[in-house]
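To start, the structure itself, in structure tokens.
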Amino acid sequence: MSKDLEHVFVTELQNNQNIVHKVCSLYTNDRDAHNDLFQEITIQLWKAYPKFRGDSKFSTWMYRVALNTAITLYRKSKRKVNTQNYDSIIYKIKADEYDETQELQLKLMYTAVKQLGDIDKALVFLYLEDKNYTEISETLGISEVNARVKMNRIKNKLKTILNP
């Protein structure tokens, strides 16, 4: 790979790294797992970059590679023993004057979303990233109609999980 191509890749990765961090947050429970997944996604992006044709935006392609990598590793990791979730003790180091209402609501939402299937989880993530259904369907490789139908079903499922 040429130095110019390498430079373009690194620049695009730096400009869009929040996408990878958000995917990592969705599919991991602690900092070490997050860092490991971030590294693995970066490796997969680097390996796949020479095949990136530019038919879609770099960020859309990046979502697709990141989500596919995370889903693949998530499925493999289901066979592992669970450890204590770092987020369950993080409250002990927060300042007293901090209003954590919004953060608690966000944690509840993430907990609910983590109970969904792999594809549903990815669809919610893209939806919350304000991606339109065209971008969602391109990223996930499903039809736009299917994305809309799935999202409506997921919304109902999340309502049930959050309001038992």
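Before moving on, here are some points about what is shown:
- In this structure, the residue pairs whose Cα-Cα separation is over 20 Å, taken from Lys3/Lys47; Lys57/Lys121; Lys114/Lys150; Lys57/Lys131; Lys3/Lys51, are Lys57/Lys121.
- Accessible area per residue, Å², region 95-164 with all protein chains present, probe 1.4 Å: 64
The values are calculated or read from the model by the stated rules, or taken from the named source; none is laboratory data. In this text, all values refer to a predicted model and were calculated from it rather than measured experimentally. When the accessible area is computed, the model is the full protein with side chains, heavy atoms only, and any ligands, DNA or RNA have been set aside. Shrake-Rupley method; radii C 1.70, N 1.55, O 1.52, S 1.80 Å.
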